[in-house]
Amino acid sequence: MRMAWLTNVWEWITQTVNAVQFEVLGVWLLTGCLLLAGLIGSVVPLLPGPFLIFLAGILHTLLLPEAGMSWQGITILSVLLVLAYVVDMAAGALGARWFGASRWGITGVFVGGLVGLFFAPIGFIVGPLAGGLAFELIFAKKRMAPAVKSTWGTLLGTGLGLVVRVGVSLAMVAAVLADLLWL
């Protein structure tokens, strides 16, 4: 009696394993891993989060054309990708401008951001702040209080940019999954 049950279970397991299309399973695992890495990368420096999410949708479509994304979904994903990077690049400068930074201060935010790339991951935060403050003090000839105020704006703008980037990344994941699973 026990052996018959065990034999039936074993036959069911082998039939199930033989019925699985491992190519399809592998593509879905790759897509899921890229989507998860993209969400993590939208917060963690050095990981291009939105691009990994975009790559997940494109690779899934290339590897499984019959179950891939529609051209409308790819278009939405492309627009969201561009939006994520525009917000990412402009958030610190817009925050600085909102808090009274001069053109020199905004230039310093960009220069500090570029220099900060070489000192990752701390440089991603400190670079734009130090660049904005230094350019305000040295080139715009501002006193310490207004220079610090515009630097504070850079920090707030960068933080708001991070929140928006996470929101856009979540929208990208939703667009990929909705297109692949329901549309």
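Any read-out appearing in this document is the output of simple, stated calculations on the displayed coordinates, not a laboratory observation. Just so it is clear, the structure is predicted and the values come from calculations on it, not from any experiment. For neighbour counting, all protein chains shown are included, and Cβ atoms are generated from backbone atoms with ideal geometry for every residue, glycine included.
Okay, residues lined up against (1) more than 14 Å from L177 (Cβ to Cβ); (2) without any contact (Cβ under 8 Å) to a residue 12 or more places away in the chain:
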site	(1), (2)
G26	yes, yes
L35	no, no
L64	yes, no
S78	yes, no
G95	yes, no
Breaking point among (1) crowded, with 17+ Cβ neighbours inside 10 Å; (2) in a helix (DSSP H, G or I), for A140: (2)
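For every residue, the table says whether it meets (1) assigned to a helix (DSSP H, G or I); (2) closer than 30 Å to I76 by Cβ; (3) out of contact with any Ser or Thr (no Cβ under 7 Å at 6 or more places or on another chain); (4) of a type outside the set (S, T, N, Q).
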| residue | (1), (2), (3), (4) |
| --- | --- |
| V111 | yes, no, yes, yes |
| L133 | yes, no, no, yes |
| P146 | yes, no, yes, yes |
| K149 | yes, no, yes, yes |
| T154 | yes, no, yes, no |
| L160 | yes, yes, yes, yes |
| A178 | yes, yes, yes, yes |
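Residues in the stretch 8-34 that are of a type in the set (A, V, I, L, M, F, W, C), surrounded by 13 or more Cβ atoms within 10 Å (Cβ to Cβ) and under 15 Å from the mean Cα position of the chain (by Cα): how many? Even if it seems obvious, please write down each step before you answer.
Narrowing the stretch 8-34 to residues of a type in the set (A, V, I, L, M, F, W, C): 9-10, 12-13, 17, 19-20, 22, 24-25, 27-30, 33-34.
Still in the running and surrounded by 13 or more Cβ atoms within 10 Å (Cβ to Cβ): 24, 27-28, 30, 34.
Narrowing the set further to residues that are under 15 Å from the mean Cα position of the chain (by Cα) leaves 34.
So the count comes out to 1.
Would you confirm whether or not the stretch 73-80 contains a residue that is over 15 Å from A147 (Cβ atoms), touching an Asp or Glu at 6+ places or on another chain (Cβ under 7 Å) and surrounded by 18 or more Cβ atoms within 10 Å (Cβ to Cβ)? Walk me through it before giving the result.
Step one: filter the stretch 73-80 for residues over 15 Å from A147 (Cβ atoms), giving 73-80.
After this cut, where a residue has to be touching an Asp or Glu at 6+ places or on another chain (Cβ under 7 Å) as well, the list is 73.
Now restrict to residues that are surrounded by 18 or more Cβ atoms within 10 Å (Cβ to Cβ): 73.
Yes: one or more hits.
Please specify each residue of the stretch 80-93 satisfying the condition of being in contact (Cβ under 8 Å) with a residue 12 or more places away in the chain and more than 12 Å from the chain's Cα centre (by Cα). So that I can check it myself, show each step before the final result.
Residues of the stretch 80-93 in contact (Cβ under 8 Å) with a residue 12 or more places away in the chain: 80-81, 83-85, 87-88, 90-93.
Those that are in contact (Cβ under 8 Å) with a residue 12 or more places away in the chain and more than 12 Å from the chain's Cα centre (by Cα): A90, A91, G92, A93.
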Residue tally, condition surrounded by fewer than 17 Cβ atoms within 10 Å (Cβ to Cβ) and within 14 Å of the chain's Cα centre (by Cα), over the stretch 172-183: 1
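Given F110, F99, which one is of a type outside the set (S, T, N, Q), farther than 26 Å from V44 by Cα and touching a helix residue (DSSP H, G or I) at 6+ places or on another chain (Cβ under 7 Å)? Before the answer, list the steps.
Details: F110 fails: farther than 26 Å from V44 by Cα.
Unique residue meeting the criteria: F99.
Within the stretch 45-62, which residues are touching a residue at least 60 places away in the same chain (Cβ under 8 Å) and either of a type in the set (K, R) or farther than 18 Å from A171 by Cβ (or both)?
Keep residues of the stretch 45-62 that are touching a residue at least 60 places away in the same chain (Cβ under 8 Å), which gives 45-46, 49-50, 53-54, 56-57, 60.
Hits for the stretch 45-62 are P45, L46.
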Residue that is surrounded by the most Cβ atoms within 10 Å (Cβ to Cβ) [pool: residues in the stretch 35-66 that are of a type in the set (A, V, I, L, M) and in contact with a Phe, Trp or Tyr (Cβ under 9 Å, 6 or more places away or on another chain)]: L64
